[in-house]
Structure formats: C-alpha cells, structure tokens
1. Could you count how many residues in the stretch 285-310 are out of contact with any Lys or Arg (no Cβ under 7 Å at 6 or more places or on another chain) and within 30 Å of GLU136 (Cβ to Cβ)?
2. Whether any residue in the stretch 178-195 is more than 15 Å from ligand 2 (Cβ to nearest atom), over 25 Å from GLU136 (Cα atoms) and under 16 Å from the mean Cα position of the chain (by Cα) is what I want to check.
3. Considering only the stretch 64-114, state which residues are open to solvent by 100 Å² or more (accessible area, probe 1.4 Å), polar (S, T, N, Q) and at pLDDT 80 or above.
4. Please state which one of ILE146, ILE164 is assigned by TED's automatic domain parsing to the domain that holds VAL262, touching a Phe, Trp or Tyr at 6+ places or on another chain (Cβ under 6 Å) and among the hydrophobic types (A, V, I, L, M, F, W, C).
5. Can we say GLU197 is open to solvent by 20 Å² or more (accessible area, probe 1.4 Å) and within 27 Å of GLU261 (Cβ to Cβ)?
6. For a quick check of your reading of the model, give me the residue pairs whose first member lies in the stretch 134-154 and is among the small types (Gly, Ala, Ser), whose second is more than 16 Å from ligand 2 (Cβ to nearest atom) and outside any strand (DSSP E or B), with beta-carbon atoms closer than 6 Å and at least 6 apart or on different chains.
7. Given (1) more than 16 Å from ligand 1 (Cβ to nearest atom); (2) of a type outside the set (Lys, Arg); (3) part of a loop (DSSP other than H, G, I, E, B); (4) free of Cβ contacts under 8 Å to residues at least 12 places away in the same chain, where does PRO110 come up short, assuming only one miss?
Amino acid sequence: MEILISIASKIGECLVTPIGKEFGYLINYHSNLQNLKGEINKLFEKRDVVQGLVNAAKRNGESIKPDVHSWLKNVNNMIQKVSHFEDEINKKRRSPNEGTFENVVQPAPPPEIWSAFKEGFKNFKSRMVNMNELIEGLKREEVRMIGICGLGGVGKTTMVKEIIKRLDKLNLFDKIVMATVSQSPSTRMIQSEIAQEIGLKFEDESESGRARRLHRRLIEIKRILIVLDDVWTELDFEAIGLPCGDTHKGCKILLTSRDLEVCNRMGSQQLIVVPILTTEESWELFRETVGESFDDPDLRSIAKEVVNECAGLPIAIVTVGRAQKRKKKHEWVDALNQLRKSIPESIPGLDGKVYSSIKWTYDR
Ligand SMILES: Nc1ncnc2c1ncn2[C@@H]1O[C@H](COP(=O)(O)OP(=O)(O)O)[C@@H](O)[C@H]1O
Ligand SMILES: [Mg+2]
C-alpha cells in the first residue's frame with residue numbers, strides 16, 4: 001500500500017511541480033503508466049471490498065471506526081487525482097500535432113544600428129561640451145526634439161553616430177533608429193530605412209498605408225529615439241508615419257541640419273551648434289590622416305599652411321590629408337597653391353560634390 005500511495009502522491013506532485021524536475025518520469029512514462037494502472041485497479045478492488053463491509057455494517061446499525069472512514073476518503077481522493085491525470089494523458093494522445101513544430105526559430109531582431117558604424121571618432125574637446133549637453137537634454141522628459149546644426153562637413157553625422165553608441169550603454173531608449181534624409185528627401189526611403197531597423201516589412205502598400213503601419217509600430221516602442229540626419233527642409237512627420245507632438249510621449253527626435261532655421265522651424269527645443277575644429281585639433285586630425293610618412297620636418301611648415309586652408313572643417317582636412325599621403329615636397333607646394341586659388345577639383349580624391357557643398361554653405 002505504501003508503494004501505491006507514493007506513486008499516487010508522486011503523480012499529484014507531477015501535476016503541480018515544474019516538469020523539468022520530473023524528467024525521469026517522462027522518459028519511462030509508458031511503463032510507469034502501466035504499473036500505475038495495475039496498482040490502481042488493485043486499489044479499486046480493495047476499496048470496493050472495504051466499502052462493501054462498511055455498507056453491511058451500517059445496515060446492521062453498527063458504527064464504523066474513524067480510521068476506516070478516513071482511509072476510504074483518502075483512497076477516493078487519490079483515485080480522482082489519478083483519473084484526472086489519465087484524462088490529461090489521453091487528451092495529449094488525441095492531439096498528435098501538439099508539440100510538432102515546423103520551425104523552432106523566430107527571426108532574429110534587427111541588429112542595433114551602431115554595430116555597422118565604423119570606428120574613428122576623435123574625442124575633440126570642442127565637441128565634448130556639445131555631446132554632454134545633448135545627452136543631458138535627451139534625459140529630460142520635456143525635451144522631445146533636439147537639433148544639431150553646423151556647416152556641411154563639420155562632423156554632425158559623425159557626432160550623432162558617436163552619441164548613438166554612447167546612448168546604447170546608458171539605457172535611455174529601448175530602440176534607436178536613424179534615417180538619412182538628404183537634400184531631396186523621399187518619404188518612401190525614410191519609411192523603409194526606419195521600418196528595416198525595427199524589423200517591419202512593408203507589403204505592397206501606398207505611402208499613406210506604410211505611414212499608418214509604421215506609426216502603429218513606433219508607438220508600441222516605449223522609449224524610442226528617431227535620428228533624422230541631414231535635414232534640409234521641414235518634414236511632414238504624419239506623411240512619413242513618425243509620431244509627433246503628444247501622440248507618443250516616449251518618442252524623441254534628434255535632427256541634424258546645416259540650417260539652424262530648419263531645426264527651429266521643425267520645433268527643436270534645444271539646439272547644439274557643432275563648431276569647426278581649433279587649430280590644434282585640425283592639425284591632429286590632419287597628421288593622423290596623412291600618416292607616418294609625414295614626419296619630414298621639411299614638410300611641416302607647408303603642411304601647416306595646407307591645414308589652414310581647410311578652415312577647421314573635418315571633411316576638408318580628411319580629404320586633403322588622404323590626397324597628400326606619401327607626397328613629395330613639390331606636390332605639397334602644388335596642393336597649397338591650388339587650395340589658395342580655390343580650385344581643389346584638381347586635387348585627386350577631393351570630390352567635386354563635396355567641395356561644392358562646402359562652398360555652398362560658405363557662399364550663403
Ligand atoms: N570627431 C571626429 N573624429 C574624426 N573624424 C571626424 C570627426 N568629425 C568629422 N570627422 C571626419 O569628417 C568627415 C565629415 O564629417 P560628417 O560627420 O560627415 O560631417 P557633416 O555630417 O557635418 O556633414 C567624416 O567622414 C570624418 O572623416
Ligand atoms: Mg552629415
């Protein structure tokens with residue numbers, strides 16, 4: 001009888017304790033079940049005999065011992081538990097598809113955007129104050145939009161990428177997404193960029209259909225930072241599907257633009273102006289870009305003049321620096337003359353477009 005009780009109580013436990021602990025029972029469950037059935041039948045028989053005796057005694061007007069009563073009660077409880085257990089097993093057997101999975105993996109979440117950013121950010125002092133100010137701004141609940149402005153090529157995109165990396169460690173946002181807007185923005189492109197970063201796939205939908213779906217998904221993310229890089233004109237958030245105003249209090253927008261007025265008109269509550277590099281910083285970046293070959297004291301003074309022509313703009317410093325790698329002195333003199341005459345198109349590597357965009361910002 002003890003064995004019986006221990007099996008039955010084990011089953012009782014099985015119904016309420018975590019399944020992992022009872023792994024051994026699962027492995028041998030078939031033979032265990034058979035044994036259990038046999039023992040239960042014996043218990044049925046025994047119960048019927050005792051119950052018969054009790055009924056006969058009652059009919060004779062005799063009183064029944066209390067331990068007989070409690071034994072019968074316990075056995076009936078146990079039989080109930082076991083038949084419930086059997087029912088469960090039979091149900092599982094009747095649904096053979098249960099536990100059959102075509103695929104046990106779910107699509108991996110899209111990687112965080114910063115994982116694709118290349119290294120090389122230099123922690124210039126001139127940027128540190130700005131970066132700290134910006135991060136502090138993002139921590140404030142009432143600040144929903146911050147604008148980063150500055151000349152083309154001054155380092156706005158580079159700074160914003162570094163900020164994204166740092167924010168990841170601060171756990172201020174559940175998700176950070178970034179879209180490059182550019183001079184002629186395309187709603188579809190912006191939608192696609194952001195959708196991809198949150199793992200949303202568009203069907204064959206209209207722009208407004210995409211906007212609705214994107215909006216719905218974005219407002220589900222409790223704390224989200226949306227970075228819109230290189231904004232030239234005001235954007236229609238609703239048409240893109242971006243939350244605006246109070247529609248999502250946990251959503252913040254970080255813009256970069258060459259134009260301070262665009263940042264203002266779009267509703268930036270805080271503005272960060274990225275300054276040009278100081279003379280020392282310009283020299284440091286230039287030296288690092290040109291590389292080891294640049295230790296010739298003979299070249300130093302002319303190189304310093306070349307750097308001055310770059311007006312503290314990282315894009316110019318890096319582009320000219322790359323072009324001047326391993327160059328002879330006469331080539332440095334040529335470069336300096338060209339820069340002074342402002343015809344840098346003839347310097348290999350200095351892209352005409354980059355130059356004209358820099359010129360455009362200065363000429364305005
Ligand atoms: N802090 C920095 N450290 C190292 N390189 C920088 C830094 N800021 C800018 N640069 C260089 O200048 C280039 C242009 O900067 P970018 O961020 O694209 O300018 P913007 O977005 O303001 O037009 C970058 O590709 C990078 O080579
Ligand atoms: Mg940029």
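1. Residues in the stretch 285-310 being out of contact with any Lys or Arg (no Cβ under 7 Å at 6 or more places or on another chain) and within 30 Å of GLU136 (Cβ to Cβ): 1 in total.
2. The answer is yes, given that some residue of the stretch 178-195 is more than 15 Å from ligand 2 (Cβ to nearest atom), over 25 Å from GLU136 (Cα atoms) and under 16 Å from the mean Cα position of the chain (by Cα).
3. Answer for the stretch 64-114, where residues must be open to solvent by 100 Å² or more (accessible area, probe 1.4 Å), polar (S, T, N, Q) and at pLDDT 80 or above: just GLN80.
4. Details: ILE146 fails: touching a Phe, Trp or Tyr at 6+ places or on another chain (Cβ under 6 Å).
That would be ILE164, the only listed residue that is assigned by TED's automatic domain parsing to the domain that holds VAL262, touching a Phe, Trp or Tyr at 6+ places or on another chain (Cβ under 6 Å) and among the hydrophobic types (A, V, I, L, M, F, W, C).
5. Here the answer is no, as GLU197 does not meet what is asked.
6. Listed by first residue and then by second, the contacts come to GLY137/VAL143; GLY147/SER268.
7. (4)
A quick yes/no check of all residues on (1) within 30 Å of LEU151 (Cβ to Cβ); (2) within 16 Å of ligand 1 (Cβ to nearest atom):
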position	(1), (2)
SER182	yes, yes
SER186	yes, no
GLY199	no, no
GLU205	no, no
SER208	no, no
HIS215	no, no
THR233	yes, no
PHE237	yes, no
PRO243	no, no
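The values are calculated or read from the model by the stated rules, or taken from the named source; none is laboratory data. Please read these numbers as outputs of a predicted model, since none were measured by experiment. Note that each Cβ is placed from the backbone with ideal geometry, even for glycine, and that neighbours are counted across all protein chains shown. The protein model used for the area step is the full one, side chains on, heavy atoms only, and it has no ligands, DNA or RNA in it. Shrake-Rupley method; radii C 1.70, N 1.55, O 1.52, S 1.80 Å.
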